[in-house]
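What follows is a single structure, written as structure tokens, with notes after it.
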Amino acid sequence: MRTDTDNKKTTVYLEGRINTDNAANVEAEILSIVNDLKPGQEILFDAEKLEYISSAGLRVLMKVRKQLGKPITITEVNRDLYDIFETTGFTDLFNVKKVLRKVSIEDCEKIGGAPNCEVYRLDSETIVKVYKGDIYTREKIEKDRELAKKIFTGGIPTAIPFDMVKVGSHYGLVFEMMSGGSLANILSSHPEDTAKYGKLVAGFIKKLHSTEFESGSLPDARAPYLRNLKYLEEIGVYTTEEAERVHELLRTIPQRNTFIHQNLNPVNIMLMDDEFILIDVDDSGVGHPVWDLMGMYQVYVTGAKAGWTKPMMGLGEDVLKPLWHTILHSYLGEVHSDDIPEVNRVLGGYTKMNQIFNLVTDPTIPGDIRKPTIEKEKAAFFDMMDSLYPVPRWI
């Protein structure tokens, strides 16, 4: 019996037909695999090549579940087999996942992207977001789908994915095509409308930041920063003392139950029937507006100046710089227009947390320049850390 094993799980591939003729042998093989599991290791069944399973085969799976004392995941189950599992009640006892529809992006127009994903137009009515990287497992993406539904029902205009698919070796989500396209597409074609959309986006973001969720219903917006901090300390980028200083900086940002998207770049702001719709809500949570503002600064200012926004979203500094100024001016209000330079300074300081993490994890950075660049960025970050505070102060 074919298996794959890593530190976290062993995958058992169920193939052919399992019936009274071979159930005893299959049972012996599977139980042998179960007995060899290391502490904490999970077992998963892949049924992509399973053609049929009889009641004798089902009893084998029940024995495994009984021995482990918890539900087991069975993936890539075809429609006919799923009907068997459902009719016999196995979908209540096991985590049974249907085989995903396969989608080809060959000859499809690429309409957006980010370091962790690419977005393609499948047809006039649908797009597919293709996830890249080992962390984007089926389980994680399903969890993100549920988060999107929770955000939508909480009053945030969000695109709800209606189908998970397989795109080559990657997973993807299919969305309805927004009739107006993304803000990036619009401004790429009509840069003369930058001021108009900057004001509209500012108003939209203020509504997001005034939408409250029940305590504990969404993740704390600081969670990704705490994970990154822990990782950087573990690999020695930060000393224990340095990590504690960063941790204290994060603690000074007040906790709130208002919505935070975490990635409000122009690709993730879509337009449909003259209304903005958000996509890519995977990292959304609740917290102080500064979390969104620092994320935007990193794209609209730092990224645009560095030049990586142009190939990624079709917008360069010539559009993003005035767009950011209009957004920030409208967001803060005319009465606080004199505070814009100070707000930008503070946001630039906060974003150095992400820049350090990106310098560490970006595989395209040559090894001989990675370390000195990280040390330079760290020095600049710690030099200004004591002058950073949640902005805007009056929100």
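The values are calculated or read from the model by the stated rules, or taken from the named source; none is laboratory data. What you see is a predicted model, and the numbers here were worked out from it, not measured in a lab. In this analysis, Cβ positions are derived from the backbone assuming ideal geometry, glycine residues included, and neighbour counts consider all displayed protein chains.
When you scan segment 244-253, do you find a residue that is touching a strand residue (DSSP E or B) at 6+ places or on another chain (Cβ under 7 Å), under 18 Å from Gly295 (Cβ atoms), outside any helix (DSSP H, G or I) and in the same structural domain as Thr351 (by TED's automatic domain parsing), even just one?
no
Which condition from (1) in contact with a Lys or Arg (Cβ under 8 Å, 6 or more places away or on another chain); (2) modelled with pLDDT of 95 or more is the one that Ile279 breaks?
The single condition Ile279 does not satisfy is (2).
Could you grab the pairs with beta carbons closer than 7 Å, sequence gap of 6+ or different chains, first residue in segment 3-21 and surrounded by 12 or more Cβ atoms within 10 Å (Cβ to Cβ), second one of a type in the set (Gly, Ala, Ser)?
Leu14/Ala47; Ile18/Ser54; Ile18/Gly57; Asn19/Ser54; Asn19/Ala56; Asn19/Gly57
Which pairs have Cβ atoms under 7 Å, sit 6 or more apart or on different chains, and link a residue in segment 314-343 that is closer than 17 Å to Val301 by Cα and in the same structural domain as Glu192 (by TED's automatic domain parsing) to one that is assigned to a loop (DSSP other than H, G, I, E, B) and β-branched (Val, Ile, Thr)?
Val343/Val391
Considering Phe85, Phe94, which residue is farther than 22 Å from Ala28 by Cβ and assigned by TED's automatic domain parsing to the domain that holds Lys8?
Going through Phe85, Phe94 in turn, the sole match is Phe85.
If you check Ser284 against the conditions, is it at pLDDT below 95, assigned by TED's automatic domain parsing to the domain that holds Glu248 and either aliphatic (A, V, I, L, M) or within 23 Å of Ala202 (Cα to Cα) (or both)? Explain how you work it out, then say what you get.
On the way: at pLDDT below 95: no; assigned by TED's automatic domain parsing to the domain that holds Glu248: yes; either aliphatic (A, V, I, L, M) or within 23 Å of Ala202 (Cα to Cα) (or both): yes.
Judged against the criteria, Ser284 is not a match.
How many of the residues in segment 299-313 are in contact (Cβ under 8 Å) with a residue 40 or more places away in the chain and surrounded by fewer than 22 Cβ atoms within 10 Å (Cβ to Cβ)?
Number of matching residues: 3.
Answer yes if at least one residue in segment 25-46 is under 23 Å from Pro161 (Cβ atoms) and of a type outside the set (Val, Ile, Thr), and no otherwise.
No, segment 25-46 contains no residue that is under 23 Å from Pro161 (Cβ atoms) and of a type outside the set (Val, Ile, Thr).
When you go through Leu249, Leu232, Leu264, Leu278 one by one, which is the residue that is in contact (Cβ under 8 Å) with a residue 24 or more places away in the chain and either more than 24 Å from Leu388 (Cα to Cα) or touching a Gly at 6+ places or on another chain (Cβ under 6 Å) (or both)?
Numbers: Leu249 fails: either more than 24 Å from Leu388 (Cα to Cα) or touching a Gly at 6+ places or on another chain (Cβ under 6 Å) (or both); Leu232 fails: either more than 24 Å from Leu388 (Cα to Cα) or touching a Gly at 6+ places or on another chain (Cβ under 6 Å) (or both); Leu264 fails: either more than 24 Å from Leu388 (Cα to Cα) or touching a Gly at 6+ places or on another chain (Cβ under 6 Å) (or both).
It is Leu278.
How many residues are surrounded by 15 or more Cβ atoms within 10 Å (Cβ to Cβ) and among the small types (Gly, Ala, Ser) when one looks only at segment 346-379?
Counting residues in segment 346-379 that are surrounded by 15 or more Cβ atoms within 10 Å (Cβ to Cβ) and among the small types (Gly, Ala, Ser) gives 2.
Of the numbered conditions (1) surrounded by fewer than 19 Cβ atoms within 10 Å (Cβ to Cβ); (2) outside the structural domain of Asp273 (by TED's automatic domain parsing), Asp220 fails exactly one; give the number of that condition.
(2)
Hey, any hits in segment 367-374 for a residue that's in contact (Cβ under 8 Å) with a residue 40 or more places away in the chain, of a type outside the set (Gly, Ala, Ser) and either part of a helix (DSSP H, G or I) or closer than 18 Å to Tyr231 by Cα (or both)?
Within segment 367-374 (the criterion being in contact (Cβ under 8 Å) with a residue 40 or more places away in the chain, of a type outside the set (Gly, Ala, Ser) and either part of a helix (DSSP H, G or I) or closer than 18 Å to Tyr231 by Cα (or both)), the answer is yes, since at least one residue qualifies.
Taking the residues in segment 271-313 that are in contact with a His (Cβ under 7 Å, 6 or more places away or on another chain) and either among the small types (Gly, Ala, Ser) or in a strand (DSSP E or B) (or both) as candidates, determine which candidate is farthest from Pro392 (Cα to Cα).
Leu278
Residues in segment 164-176: is at least one in contact (Cβ under 8 Å) with a residue 60 or more places away in the chain, among the polar types (S, T, N, Q), out of contact with any helix residue (DSSP H, G or I) (no Cβ under 7 Å at 6 or more places or on another chain) and not in a helix (DSSP H, G or I)?
No, the conditions are met nowhere in segment 164-176.
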